[in-house]
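The structure appears below as structure tokens.
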Amino acid sequence: MSSSSRSSRSGHSSRKGRQSSVQQLIESLRTHRVNTLTELCRIERVAASCEDEEESRAFQEPMTSAWDYYVNSNQFLTELRGLTRNYPISGEMVEAAHQLVRNDPNSNRSWNLAWLCLVKIRDDGLIPTYAQSDSWRREMWGGRDPTQEEADQLAQCFEWEWTQAVENMLRHWAVSPTWY
């Protein structure tokens, strides 16, 4: 067998192997076998590196659906809370960010609902608003009303830890996952 026919076969074989790998990744997105930020980002990077337009298009719907599922299954909130163990992030704030994204006509700039929610939380000033609100909740104080100083101090703790968590998650994207 000539070396040119071996290399031709080898190229065909590696292309087939890549197609199989791509199909497996797409299937894992469709079946939600993958539902963590780290793994979804890993697959998203593979999708972004596709040179074949057909492969790239094949990822679009499953990737969008996987990010929707990640947020709507509460895995997004669970992972945020894992990063905010001392002062668990406000579920109401995460839900508000989700609603703001859903109502934002510019949200179609990305397929990534989690990234859009994180950017909304950061850029729309949701952290200070919800930190201040949550710091006054009587259940935070054993049923009593806090003093202004106590509420302010707790709000600062919320703000610091929640901001760290959002920034930590946003570091998963070196480049914004946007269409344009």
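Some observations on this one:
- For Val101, the requirement of being assigned to a helix (DSSP H, G or I), at pLDDT below 95 and surrounded by 17 or more Cβ atoms within 10 Å (Cβ to Cβ) is not met.
- Residue satisfying all of: in region 127-145; open to solvent by less than 20 Å² (accessible area, probe 1.4 Å) and of a type in the set (A, V, I, L, M, F, W, C); nearest to the chain's Cα centre (by Cα) among these: Ile127
- Contact annotation: residue pairs with Cβ atoms under 6 Å, 6 or more positions apart or on different chains, pairing a residue in region 73-88 that is under 17 Å from Asn35 (Cβ atoms) with a partner that is open to solvent by 50 Å² or more (accessible area, probe 1.4 Å), are Arg81/Pro88; Leu83/Asn168.
- First in region 162-177 and over 15 Å from Leu40 (Cα atoms), second anywhere and part of a helix (DSSP H, G or I) and among the charged types (D, E, K, R), Cβ under 9 Å, 6 or more apart: Thr163/Arg122; Ala165/Glu79; Ala165/Arg81; Val166/Arg122; Glu167/Arg122
- Residues being part of a helix (DSSP H, G or I), open to solvent by 60 Å² or more (accessible area, probe 1.4 Å) and closer than 17 Å to Val166 by Cα are represented in region 107-124 by at least one member.
- Residue match in region 124-131 (condition: of a type in the set (Phe, Trp, Tyr) and touching a helix residue (DSSP H, G or I) at 6+ places or on another chain (Cβ under 6 Å)): yes
- Of residues in region 2-49 being outside any helix (DSSP H, G or I) and at pLDDT 50 or above, the one nearest to Gln60 (Cα to Cα): Ser49
- The set of residues from region 41-71 being open to solvent by less than 10 Å² (accessible area, probe 1.4 Å) and free of Cβ contacts under 8 Å to residues at least 40 places away in the same chain comprises Ile43, Phe59, Pro62, Ala66.
The values are calculated or read from the model by the stated rules, or taken from the named source; none is laboratory data. Source: prediction; values computed, not measured. Here Cβ is always computed from backbone atoms with ideal geometry, including for glycine, and neighbour counts include all displayed protein chains. In case anyone asks, the SASA skips ligands and DNA or RNA and just uses the protein heavy atoms, side chains included. Shrake-Rupley method; radii C 1.70, N 1.55, O 1.52, S 1.80 Å.
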